[in-house]
1. Looking only at the stretch 35-60, count how many residues are more than 18 Å from PRO179 (Cβ to Cβ) and either part of a helix (DSSP H, G or I) or not basic (Lys, Arg) (or both).
2. Among the listed residues PRO61, PRO52, PRO30, which satisfies the condition of being crowded, with 16+ Cβ neighbours inside 10 Å, within 27 Å of THR249 (Cβ to Cβ) and either among the acidic types (Asp, Glu) or touching a residue at least 60 places away in the same chain (Cβ under 8 Å) (or both)?
3. So which helices (runs of 4 or more DSSP H) stay within the stretch 221-335 end to end and still have 3 or more residues that are modelled with pLDDT under 90?
4. Spot the failing condition for GLN206; the list is (1) over 20 Å from VAL270 (Cα atoms); (2) surrounded by fewer than 19 Cβ atoms within 10 Å (Cβ to Cβ), and only one is missed.
5. Would you mention how many residues in the stretch 165-182 are aromatic (Phe, Trp, Tyr) and assigned to a helix (DSSP H, G or I)?
6. Quick one: which residue in LYS199, LYS213, LYS148 is surrounded by fewer than 20 Cβ atoms within 10 Å (Cβ to Cβ), among the charged types (D, E, K, R) and farther than 30 Å from LYS252 by Cβ?
7. Within the stretch 72-91, take every residue that is assigned to a helix (DSSP H, G or I) and touching a residue at least 40 places away in the same chain (Cβ under 8 Å) and give me the one that is farthest from the chain's Cα centre (by Cα).
8. Suppose we keep only residues that are under 16 Å from PHE221 (Cβ atoms) and among the basic types (Lys, Arg) within the stretch 247-269. Which one would you say is surrounded by the fewest Cβ atoms within 10 Å (Cβ to Cβ)?
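The values are calculated or read from the model by the stated rules, or taken from the named source; none is laboratory data. Quick caveat: nothing in here was measured; it's all calculated off a predicted structure. Neighbour counts run over all protein chains shown; Cβ positions are idealised from the backbone, glycine included.
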Amino acid sequence: MSNVFEGSKIHNILKDERFLYPDYVPERIPFREQEVSEMVFCLKPSTQGKKPENIFISGLPGTGKTVTSKFVLNELEEYSDRTKCLYINCFEINSYNGIFAKATNFLGYPIPIRGLSNEEIFERFVAVIKNKKIVPVFVFDESEQLLKKEDTKKLLYDLSRLNDQFKLFIGLIFISNDPMFLSLLDDRIRSSLNASVIKFEKYSCQELKEILKERAKYSFFSNVMEEEVIPLCAAHSANVGDARVAIDTLLKSARIAEKENSKKIMVKHVRKAFQEEKVIKFEIINNLTEQEKLILKLISKEEKTSVEIYNILKNKFAERTLRKAIFELEKKNVIEIIEKQLGKGITRTIKKKNSPF
């Protein structure tokens, strides 16, 4: 009996689809030169054995926060052997012991995640940094997750005090979609961190087109795409300026074209990719929490400030719960948060996103 894969023939369009994966870090980061320069300025002291500036990076999903950070860290390690860089996704690792164990193991001193108290694991972490005589740089992506538990709040406090307490230099980079992350920290932690803020603005339609063209050069064979494909993928994502959505749409379109054994990616394949995304978005909307649904209902006809939403729903939910719901809606790409300067403070306006379909 023949294998089911033997009779399957596909006209190959994709030469190397890894260039379209979310974790791919390009050799050049287009349209983020200023942000790269700011990060380099903050981290450069680590190459001289001095204390780097801590950094807080904020911006909407898909604006290049993670890929830019990874690019800068790669360049930093290539430039200097005085520092070592570790990236941690706080959705995947979000406990005191888990984070310190990963950091200590990364620095070359294997320890178990379980079986040690917080104090013991922290002591070993401090000891290995002293012994290594390097300046480590740690990136905490999705850093708002660290605010959800008491032990990770303690972790933030312990990290922020390393210089004052042990005379150890360490660089900390926090990445979050929530621009209010720093303001939610305990005053002592925020003061000790003294982080420089770098905000990533959303990409324009033209920038998204250039990003897609650059990725396409390495991802596809020659002449396998209709001329309108990249502009359509870019326009689809331009409303939110999300490069990840644009790149993922291009990859899905290519796979649909290959599935149909087409010699080219056509506009019809892009539109089919849109429909697949529409089904996913429908599932997201149908599975919102009660708080998320109420917030969407409040802003269905007109945008409202976060304060207005808190005041209307304060008898039903705590402000912290509503803040989390707003953050989750933004992460699901259902709403848009617009920050505006109002006197000496900042007001946040919440509006429902227009559907791209």
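1. Total meeting the criteria: 14.
2. The unique qualifying residue is PRO61.
3. 229-238, 267-286, 290-298, 306-313, 319-331
4. It fails just one condition, (1).
5. The total comes to 1.
6. LYS148
7. Filtering first and then ranking leaves LEU76.
8. LYS263
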